[in-house]
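Notes to accompany the following structure.
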């Protein structure tokens, strides 16, 4: 207490000395005095921090990291600050609070906070930024679109309706062992593509409020629409998880298998035969890579344009087993430049699947309608959305004409 009193007397003497020796007017005196107070506050804060650090290190370390990740998704704003003679004091308080990741802006003697809640317009901005970067000459067929669709599909397709595990909630592919699952080979390209959208720190993160889970699905929605596919309604609300929520290997389709395997995989998620065929239409875009899946080549002649060509080619082309040193796949007899996987050929070999292939080959509008509906369901698997939000889905405007 004596030391504190001495410090107070010293500050008062400093202020008096400033007034006598410099002839400061009242306004300048207030500024100088305030500067002294702020320096004193900073010094006191450092002393307090040293004591607090020694006494709370163990309890601080026990706080789960997830709590900090959750806090990191909160951002605050308020009305514009009004002029006040005590504004510097509040600025000092804000600087101290800023160390905790919470910013307070004040008006006079009162303070208020407001949590940032992103709107559809905010998500449209994210969508537009993804769309702007999709086309890249030196990646595959000139677009990251197909691999973004694959990322969204593989993040969602791990869902198990019996256990309620997996699905697009969590973005657990960020962690081992899920990131190393064979079916996810090459998807680091998609994850790295989207990383700057969320975490670019030049000078600050652009969209730090969006979860990886929501971002990956939004990337898939954007890619489908920008590749001239149907509109896919979107609902935010996914939360990121940690490595403990990683799903076991084997929940995604094995391209070398037959009809029974396809049904086992998709029935586990809650889909039926018609929906299996509709989802398979996504093979109209993209290609296989030998250094990823072992297979090689595109399914169609326009791998960055979503159409019903996948079904047409299945029915109209003559397909033969490719003679090569890779896994069994099929090639078209005409050009030998296209490929089909064993699970693709099953769609025209199975008597329950084939009628849907024929319907979608004959009617692109029907395919788009059913594809949009089933992709919407796929992208929402495993997500604990808030009650009453099922009718609050958004649609985003494509950037192409």
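By counting other Cβ atoms within 10 Å of each Cβ, how are 383, 149, 117, 375 ranked from fewest to most?
Values: 383 20, 149 24, 117 8, 375 27.
So the residues, fewest neighbours to most, are 117, 383, 149, 375.
With the contact rule set at Cα under 8 Å and sequence spacing of 6 or more, what percent relative contact order holds for segment 120-245? The partial results should precede the final answer.
Values: 156 pairs, mean separation 39.7, N = 126.
Normalised by residue count, the contact order of segment 120-245 is 32 percent.
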Rg (one decimal) and Dmax (whole number) from the Cα set of segment 120-245, in Å, equal 14.2, 45
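Report the per residue volume, in Å³, of the convex hull enclosing the C-alpha atoms of segment 194-272. Don't jump to the answer; show the numbers that get you there.
Values: hull volume 13.2 nm³, N = 79.
In segment 194-272, the Cα hull volume divided by residue count equals 167 Å³.
When 302, 143 are ordered from fewest to most other Cβ atoms inside 10 Å of their Cβ, what list results? All intermediate terms of the calculation are to be shown ahead of the outcome.
Details: 302 15, 143 21.
Placing the least packed residue first, the sequence is 302, 143.
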The extension gain from residue 243 to residue 302, computed as 0.36 nm times the residue separation minus the Cα-Cα distance, is 17.5 nm
If each part is reduced to its alpha-carbon centroid, segment 362-401 and segment 231-275 end up apart, in Å, by 16 Å
Alpha-carbon radius of gyration plus Dmax, which is the widest Cα pair, for segment 323-401 in Å:
18.4, 54
With each label point set 7 Å from Cα along the Cα-Cβ vector, what nm distance links residue 390 and residue 291?
4.6 nm
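With a cut-off of 8 Å between alpha carbons and a minimum separation of six or more residues, what is the relative contact order of segment 259-374 in percent? All intermediate terms of the calculation are to be shown ahead of the outcome.
Numbers: 160 pairs, mean separation 30.6, N = 116.
Once normalised by length, the contact order is 26 percent.
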Would you give the gap between the C-alpha center of segment 149-192 and the C-alpha center of segment 298-315, rounded to a whole Å?
25 Å
Sort segment 303-354 into rounded, prolate or oblate with this rule: let a ≥ b ≥ c be the square roots of the eigenvalues of the Cα gyration tensor; rounded if a/c is under 1.5, and if a/c is not under 1.5, prolate when a/b is larger than b/c, oblate otherwise.
oblate
Per-selection metrics, segment 259-374 (Cα): Rg and Dmax in Å
13.7, 39
Starting with the fewest neighbours, write out 228, 400 ranked by other beta-carbon atoms found within 10 Å of each beta-carbon.
400, 228
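Here, each number is a calculation from the coordinates, and none is a lab measurement. Quantities reported herein were computed from a predicted structural model and do not represent experimental measurements. For neighbour counting, all protein chains shown are included, and Cβ atoms are generated from backbone atoms with ideal geometry for every residue, glycine included.
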